[in-house]
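**Student:** Sharing a structure with you now.
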Ligand code: UDP
């Protein structure tokens, strides 16, 4: 049976494709390469010794998507394809709504018309905003997200839930906390696209000398060391959760299923702790300076992962230090490619 992975050459998508192939699934990737490169496909093939099908096009082109569904017996989809830069989403809201929601609707139309079930959506803990209670479980109230990006995730969740209810389908909404790390082979990771916005890619580039120093956005938060706390989940562990979520849906009969899972480690880690762990794990220095707070940042977010452990038989296995070692390996690989 074939699984459609949209955005399958992206950061989390490519790691998930590897885990799906290792598990024996046939994989069909659609990715428009807007945030990736062809060599990622080659590396997936090297790592797994298998060849996924690959179609490079923009999923807003429904007629091309229809051809993919005609050509393969698709039995499920993991939908990663989306624009994800929070800052850019504020500047280009209409583009973000169009890209992130049209692609989703096009896939759901194919699912609806062909009677396909098993749809997995890549969502985010951003839907909780600053939650009142830690750790955050799946019943925590949703808040209107600050960014357009966050809103597209929340709207996506609603659209998919309505799809499941109306047509009796099985869906899973996976709310990621902060994915970090790279493949242990050093051949897959988050591709640098301009100045990084997220913490770990910025730390990586600072250690590599590409950036002079890390700006720490505030040390006056109400946390132990004053810097914000997040739940950093290793990308390969996260990828495995997708395979578990998909198998769970596939094993259940035909009734309507709306699964929601928080995916994290269950542990909160501060910005300064990440910097220290990176320095120790890789025996490098990360110069930093403390700056003013970044607008829209929350103080603390970490997951309650009981539901994922119980129902997906999944939990994060890789330590922060181990995952930060893979980040450095990925940086060295990128360096070797540009020489
Ligand atoms: N952060 C920072 N400097 C950076 C990037 C991020 O101090 O260059 C901090 C940010 O303020 C936040 C944490 O690192 O507290 C994680 O930020 P990221 O953007 O990676 O994830 P998110 O804020 O979406 O959880």
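The numbers here are math on the coordinates, done by the rules we state, and not lab data. This structure is a prediction, so every number in the text was calculated from the model and none was measured. FYI the Cβ positions are ideal-geometry reconstructions off the backbone, even for glycines, and counts take in every protein chain you see.
**Student:** Dividing the convex hull volume of the alpha carbon atoms of the range 60-178 by its residue count, what do you get in Å³ per residue?
**Tutor:** Convex hull volume per residue, Cα atoms: 109 Å³.
**Student:** Taking the chain as the reference, fit the longest principal axis to its C-alpha atoms, fit the long axis of helix 148-167 to the helix C-alpha atoms, and give the angle between the two in degrees, 0 to 90, nearest 10.
**Tutor:** Once rounded, the angle reads 30 degrees.
**Student:** Apply the a/c threshold of 1.5 to the C-alpha gyration tensor of the range 60-119 and tell me whether it is rounded, prolate or oblate.
**Tutor:** Note, shape of the range 60-119 comes out prolate.
**Student:** Cα axis of helix 38-48 to longest principal axis of the chain: angle in degrees, 0 to 90, nearest 10?
**Tutor:** 80
**Student:** Compute the projected area of the convex hull of the Cα atoms of the range 259-339, averaged over all viewing directions, and report it in nm² to one decimal place.
**Tutor:** 8.1
**Student:** Further, regarding this structure: On a 0 to 90° scale, report how tilted helix 11-22 is relative to the longest principal axis of the chain, with both axes built from alpha carbons and the result rounded to the nearest 10.
**Tutor:** Once rounded, the angle reads 60 degrees.
**Student:** Follow-up. Mind checking the full-extension length gain between residue 165 and residue 53? Use 0.36 nm per residue of separation minus the Cα-Cα distance, one decimal, nm.
**Tutor:** Full extension of this stretch gives 37.2 nm more.
**Student:** Further question on the same structure: Roughly how many whole Å is it from the C-alpha centroid of the range 19-64 to that of the range 98-149?
**Tutor:** 22
**Student:** Between residue 46 and residue 130, how many nm apart are label points set 7 Å from Cα along the C-beta direction?
**Tutor:** 4.5
**Student:** Once you put a point 7 Å from the Cα of residue 198 and another 7 Å from the Cα of residue 210, both along the Cβ direction, what distance in nm separates them?
**Tutor:** Those two pseudo-labels are separated by 1.3 nm.
**Student:** Further question on the same structure: Could you tell me which of rounded, prolate or oblate describes the chain, using a ≥ b ≥ c as the square roots of the eigenvalues of the alpha-carbon gyration tensor, with rounded for a/c under 1.5 and, failing that, prolate when a/b is larger than b/c and oblate otherwise?
**Tutor:** It comes out prolate by the Cα gyration axes.
**Student:** Under 25 °C and 0.890 mPa s, how fast does the range 176-250 diffuse according to Stokes-Einstein, given a Kirkwood radius computed over C-alpha pairs? Answer in µm²/s, whole number.
**Tutor:** 167
**Student:** Report, in deg cm²/dmol and to the nearest 500, the calculated mean residue ellipticity at 222 nm for the chain, where each DSSP H run with n ≥ 4 adds -39500 (n - 2.57) and the sum is divided by the residue count.
**Tutor:** So the calculated ellipticity at 222 nm is -12500 deg cm²/dmol.
**Student:** Further question on the same structure: Rounded, prolate or oblate: which one fits the range 20-128, using the alpha carbon gyration tensor with axes a ≥ b ≥ c (rounded when a/c is under 1.5, else prolate when a/b beats b/c, else oblate)?
**Tutor:** Taking the square roots of the gyration eigenvalues as a ≥ b ≥ c, the range 20-128 is oblate.
**Student:** Sorted by average packing, counted as other Cβ atoms within 10 angstrom per residue and highest first, what order do 118-128, 62-72 take?
**Tutor:** 118-128, 62-72
**Student:** So if each residue of separation counts as 0.36 nm, and I subtract the Cα-Cα distance between residue 317 and residue 284, what length gain in nm does that give?
**Tutor:** Difference between extended and current length: 9.4 nm.
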